[in-house]
1. Measuring from label point to label point, each 7 Å out along Cα→Cβ, what is the A:A136 to A:E59 span in nm?
2. Distances from A:E138 to the same residue in each other copy, label points 7 Å out along Cα→Cβ, in nm, shortest first?
3. So what's the gap between the Cα centers of the stretch A:39-66 and the stretch B:1-30, to the nearest angstrom?
4. Where the label is 7 Å out from Cα toward Cβ, how close does A:R43 come to the same position in every other copy, in nm, shortest first?
5. For the pairs A:K29/A:K58; A:K86/B:K2; A:K6/B:K6, note any where the Cα-Cα span goes beyond 18 Å.
6. Under a cut-off of 18 Å between alpha-carbon atoms, report the aspartates and glutamates in cross-link reach of B:K69, not counting same-chain residues fewer than 8 places apart.
7. Total accessible area buried between chains B and A, 1.4 Å probe, in Å² to the nearest 100?
8. Taking the label point 7 Å from Cα in the Cβ direction, how far apart in nm is B:N119 from each other copy of itself, listed shortest first?
Number of protein chains: 2
Amino acid sequence: MKVLNKETDYAVRALISLGMKSDGWVSAKVISDEQAIPYQFLRRILQELIRSGLVESKEGAGGGVRLAKEPGLIAVAEVIEIFQGKVQLSECMFRKQLCSNRANCVLRHEIMRIEKMVNNEFSQVTIGKLIDDLKAVEAMNKTRQTEQQETV
Amino acid sequence: MKVLNKETDYAVRALISLGMKSDGWVSAKVISDEQAIPYQFLRRILQELIRSGLVESKEGAGGGVRLAKEPGLIAVAEVIEIFQGKVQLSECMFRKQLCSNRANCVLRHEIMRIEKMVNNEFSQVTIGKLIDDLKAVEAMNKTRQTEQQETV
DNA sequence: GATTTCTGATACCAATTTAGTATCAGTTAA
DNA sequence: TTAACTGATACTAAATTGGTATCAGAAATC
Ligand code: FES
Ligand code: FES
């Protein structure tokens, strides 16, 4: 079962790219190359992020996009919601009118519990946090490389 | 974002139906009527549950299906895995060979954490537990109805 | 002012997945 | 022998997914 689709995945990676460049506007081309995301697909994703207010853009040569908020204030949960809607484990859940079986449904209670848990977790993971993780990993790799060179 | 599909949903409901009838074989027809599940679709789902060993069947007139294990020993996680595979939040996760971006991927760590949480939760929710919940709800409804009658 | 580098908007597409239907063969009880 | 069942499997329409393509317009630069 695959939960996050490519749009969400690419969006998060694009936001990470943006979050790591604090200076000026970044073109879709650059992000596309950096993260190996198909250019036209990424363009559509960025436009969606702009419409949602997570990212802002500047048209024309020298233009591009940049984060509209601090990385630490952008939760993965928001990104998921933009591209895939709120996490709903079972379809009948919030569209109560559509579900004829509601009265007999015991799944509802347990599923809502887990659902809330998941949403809560994704709300805690911000782009800022991911960037910190990434930097920590990079620092560790660097140290290891240096050690290896020393032993050569 | 819809996580559980109709197959899983129907399967769980069918298992609940079966779990509540401790006696003998139950035909697909009966379950189909009871849970308002399209007959042919349910048949395919039941066959899958049989192949997976959660349910056993008896052919011929008077035949049908029944649980192969105690309801308390059938976790929703198992059912999900049969129809949708293990919960994987992001696709690249376990198919490491397919993912060219692994070295740069920070999502991996956080996502695996949440993934484990979800799998763990679904492992705790058994058909038995859902049946208990259902019975509790039914009992409550009955009490409420009685009270209402008394006040009329 | 022409050209190049960008975004905005939107239409299109193939492949896959989802949800559901249909058919036929074989088994067992009555 | 017939009716009520499951086993196996093929088929389908519609939606979703992942990706492509096009054209218009904005700003910097030559
Ligand atoms: S609320 Fe609809 S089947 Fe559960
Ligand atoms: S492991 Fe593949 S992008 Fe994360």
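The values are calculated or read from the model by the stated rules, or taken from the named source; none is laboratory data. Worth saying up front: this structure is predicted, and the values here are computed from it rather than measured. Virtual Cβ from ideal backbone geometry, glycine too; neighbours counted across all protein chains shown. Calculation scope for accessible area: heavy atoms of the full protein, side chains included, ligands and nucleic acids excluded. Shrake-Rupley method; radii C 1.70, N 1.55, O 1.52, S 1.80 Å.
1. 4.3
2. Values, ascending and in nm: 6.0.
3. When both Cα centres are located, 46 Å separates them.
4. Label-point separations across copies, in nm and ascending: 5.0.
5. On the way: A:K29/A:K58 14 Å; A:K86/B:K2 9 Å; A:K6/B:K6 22 Å.
Too far apart for the 18 Å limit: A:K6/B:K6.
6. Cα-Cα hits under 18 Å: B:D23, B:E48, B:E56, B:E78, B:E81, B:D132.
7. Numbers: alone 10370 and 10350 Å², together 17140 Å².
What B and A bury together is about 3600 Å².
8. Label-point separations across copies, in nm and ascending: 2.5.
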